[in-house]
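Have a look at this one before I ask anything.
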Amino acid sequence: VPGEFTDFGQFVEANLAGLLRYGHALTGNPHDAADLVQTVLEKIGSRWAHVQRKTGDPLAYIRRSMANAHISRWRRTRRENLVADVPDVRTGAPVDPFEHEPLWQALRALPPRQRAVIVLRYYDGLSEIEIAKALGVTQGTVKSQASKAIASLRTKLAAAGEGAEGREVT
Amino acid sequence: VSQEPGGEPYELDAELSRLFGDDRLAVHARPGAERAIVAGAGRIRRRRTVATSAGGALTAVILIGSGVVFGGALAGHSIRPADDSTLQLGSPRVAGPQLPVRPDGQVPPPRERTTTAPPAAQVPTPESPTSPPAVTATATAPETVRRAAGTLIGPDGYGKLRLGMTMSQVQAAGVTLSPSGDGDCKPYDFAGDGVPGAGSVVISPRVGVALITADSPATSPEGIGAGSAPADVFAAYPRARQGASTVVYAPAGSSGTYRFQLDPSGSRVVDVGLENVRQDCHG
């Protein structure tokens, strides 16, 4: 079915940038974002006709798959990645553009499930019920993960604020 | 406690929305990335098709075959691989960007190379049973796996650094740790007399050492390390499984899992990680 792969290619072309950006929000760094996007898209692309038929909205399905894959699978920083043009972490220059953003740093420190809940809520704009469905957990779990995440973000931000006293916080 | 330095209540909701709308979240795709993903999807489908129809013994053949599809697709479009780093990462024996290399260092037989320019988007057909016989032999004869050079890693540690150790146990074993990041599970760079070489480790507050990666080439007891071909990995570990098209996982004893990172073309292992099966760092 050559048409199926042509169609998948067009889909990837249209959505790769958006998915990489989403992956960056989800994982906290561009290397892991690229790895995550590659892994999920390859798997979904290998069943493209099925995924389209079954989900109706492949993009939403892919974003949820990414959230789940991020939670369920270890990802460590890649030295290089086929998909994203990010500098090699071992050659020197740090690559984190949010180095001086306390909120970003606090997000990075969250366990992946809590972080995913925050991203699905504030990036995807999903409701608690939708998040529960997307992650295959109960609404109660979403609630507790979200409140843990928010509490920990607040604590870390407060600590960062104290640490930064005397100089300007951006 | 939830106040900004200025004393104003911290508008966390608004700040999160602002952050997720930030332009700096953009990650730039490499030229050819879309094509590479489509090719990767084709590889996975083909592996699945063959694995379900012909059984696991052919896995190694499939992997080699899939490298050919990738190279062939690129050649058919007269473009270079996703990035020049593909070449830098490959072994010196790599003949050129469009010619995948088999474990014996030879370029593939003409059959693949002269395929009439299959578009990358074309669905790959299942590997025919007449695939390169040399590779089949490798797949069915694990004792012929070529050993990669490097210090020994696995099945449950790297030198005296073992999976599951607490931070103080690690330090007592003659391994020095320097923090390299933040998080619930903390990453450290390690060095010292207790380990064959430097590397990085992630320590979970609950299960201890969760992931070990050596900086210099390291090799599993089965001889898999930097430079090994995917066929070698599957020959050495019949229960290996593929993650992304450039990552292969394999069981390492009862406590660990090897994580073999391949180069962007999927033709060589570039590094070996050892992961604790009980690791809980993914939440």
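Each value in this text was obtained by applying a stated rule to the coordinates, not by laboratory testing. Since the model is a prediction, treat every value here as computed from it, not as a measurement. We place every Cβ from the backbone using ideal geometry, glycine too, and count neighbours over all the protein chains shown.
Work out the FRET efficiency for B:Val277 and B:Ala14 from their Cβ-Cβ distance, taking R0 = 41 Å, and round it to the nearest 0.05.
The value I calculate is 0.50.
I would also like to ask the following. Can you pull a Stokes-Einstein diffusion coefficient for segment A:1-67 at 25 °C (0.890 mPa s), Rh from Kirkwood over Cα pairs, as a whole number of µm²/s?
Details: Rh = 12.0 Å.
For the chosen part, D equals 205 µm²/s.
With a 10 Å Cβ neighbour count serving as the proxy for reagent exposure, in which order, fewest first, do A:Tyr61, B:Tyr188 appear?
Placing the least packed residue first, the sequence is A:Tyr61, B:Tyr188.
Using Cα positions and a limit of under 20 Å, work out the lysines in reach of B:Lys160, with same-chain residues fewer than 8 apart set aside.
Once the sequence-local lysines are set aside, what remains near B:Lys160 is B:Lys186.
Counting residues in segment A:102-157 as N, plug N into 2.2 N^0.38 Å and put the Cα Rg over that result.
Output field value: 1.05.
For B:Ala198 and B:Arg239, what is the calculated FRET efficiency with R₀ set at 30 Å and r taken between the beta-carbons, to the nearest 0.05?
That gives a FRET efficiency of 0.50.
Would you mind getting the Kirkwood hydrodynamic radius of segment B:166-266 from its Cα pairs, rounded to one decimal in Å?
Hydrodynamic radius (Kirkwood, Cα only) of segment B:166-266 equals 14.8 Å.
Something else: What does a probe at B:Thr166 reach in segment B:201-215, counting residues whose amide N is under 17 Å from the point 7 Å along Cα→Cβ?
Only B:203-210 fall inside the zone, counting backbone N under 17 Å.
Arranged by the count of other C-beta atoms within 10 angstrom, fewest first, what order do A:Ile71, B:Ile37, A:Ile118 take?
A:Ile71, A:Ile118, B:Ile37
Please list, or write none, the lysines whose alpha carbon is within less than 29 Å of the alpha carbon of A:Lys43, excluding same-chain residues fewer than 8 places away.
A:Lys54, A:Lys133
Another question, if that's okay. Any chance you could check the Cα centroid distance between segment A:25-70 and segment B:204-220 for me, in angstrom?
Spelled out, the Cα-based centre of one part sits 27 Å from the other.
Label A:Ile129 and A:Thr155 with points 7 Å out from Cα along Cα→Cβ: what is the distance between them in nm?
3.2 nm
Using the 10 angstrom Cβ neighbour count as an exposure proxy, how do A:Phe98, B:Phe234 rank, fewest first?
Numbers: A:Phe98 18, B:Phe234 29.
Ascending number of Cβ neighbours within 10 Å: A:Phe98, B:Phe234.
With point charges of +1 on the Cβ of Lys and Arg and -1 on the Cβ of Asp and Glu, referenced to the Cα centre of segment B:149-242, which listed residue (B:Thr166, B:Ser200, B:Leu152) lies farthest in the positive direction of the dipole?
Among B:Thr166, B:Ser200, B:Leu152, the one farthest towards the positive end of the dipole of segment B:149-242 is B:Thr166.
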